[in-house]
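Notes to accompany the following structure.
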Amino acid sequence: MTECIYRSVREGRRGPLELVEEKDSVRVQVLAENHFSPSRLTQYAFSIDKDLWLPVAIEESTPDGTLERTIYFRNLSVNVGVPDSAFELGRE
């Protein structure tokens, strides 16, 4: 997900970047190439949770503002106690 946000605000951006602070989140709004169809422009609004600093919602609209879909991410958690050993390669 963070790759899509990065692409939308960097090389895929086709308009100004707008940051809006809301009660529990920061909203990043930008007109950019569509993630799945680069020839199409999409107005993205990424909502980033202020506590977790993870995306909690994405709104996709047409350039004229017609909402096409909203994606929500729920029950997000960080530092869930996965031991470092889970990421080590086995030794022979």
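List the strands (runs of 3 or more DSSP E) inside the chain, counting only whole elements, that have at least 1 residues being touching a Leu at 6+ places or on another chain (Cβ under 8 Å) and among the basic types (K, R). Spell out how you get there, then give the answer.
Working: elements: 18-21, 25-33, 41-49, 55-61, 67-72.
Here the list reads 25-33.
Of the numbered criteria (1) over 14 Å from the mean Cα position of the chain (by Cα); (2) at pLDDT 95 or above, the one E92 fails is (2). When V9 is tested against (1) in contact with a strand residue (DSSP E or B) (Cβ under 7 Å, 6 or more places away or on another chain); (2) of a type in the set (A, V, I, L, M, F, W, C); (3) over 19 Å from L67 (Cα atoms); (4) surrounded by fewer than 15 Cβ atoms within 10 Å (Cβ to Cβ), exactly one condition is not met: (4).
For the range 37-72, how many residues meet the condition of being surrounded by fewer than 11 Cβ atoms within 10 Å (Cβ to Cβ), of a type outside the set (G, A, S) and over 18 Å from L17 (Cα atoms)? First the steps, then the outcome.
Taking the range 37-72 as the starting set, the residues that turn out to be surrounded by fewer than 11 Cβ atoms within 10 Å (Cβ to Cβ) are 37, 39, 51, 53, 64-66, 69, 72.
Applying the additional criterion that residues be of a type outside the set (G, A, S) yields 51, 53, 64, 66, 69, 72.
Cutting the leftovers down to over 18 Å from L17 (Cα atoms) gives us 51, 53, 66, 69, 72.
Count: 5.
Taking the range 20-34, which residues are surrounded by fewer than 17 Cβ atoms within 10 Å (Cβ to Cβ) and in contact with a Ser or Thr (Cβ under 8 Å, 6 or more places away or on another chain)? Scanning the range 20-34 gives E22, V26, R27, N34.
Looking at T70, T62, T66, T42, can you tell me which residue is among the polar types (S, T, N, Q) and touching a helix residue (DSSP H, G or I) at 6+ places or on another chain (Cβ under 9 Å)? Give the steps one after another, and end with the answer.
Numbers: T70 fails: touching a helix residue (DSSP H, G or I) at 6+ places or on another chain (Cβ under 9 Å); T62 fails: touching a helix residue (DSSP H, G or I) at 6+ places or on another chain (Cβ under 9 Å); T66 fails: touching a helix residue (DSSP H, G or I) at 6+ places or on another chain (Cβ under 9 Å).
Only one candidate qualifies: T42.
Taking each residue of the range 46-64 that is polar (S, T, N, Q) and looking for partners that are part of a loop (DSSP other than H, G, I, E, B) and surrounded by fewer than 13 Cβ atoms within 10 Å (Cβ to Cβ) with beta-carbon atoms closer than 8 Å, six or more apart or interchain, yields S47/E22.
Can you tell me which residues in the range 1-44 are under 14 Å from F73 (Cβ atoms) and under 13 Å from the mean Cα position of the chain (by Cα)? The answer is M1, T2, C4, I5, S25.
The values are calculated or read from the model by the stated rules, or taken from the named source; none is laboratory data. These numbers come from a predicted model, not from an experiment. All Cβ positions, glycine included, derive from the backbone under ideal geometry; neighbour counts span all protein chains shown.
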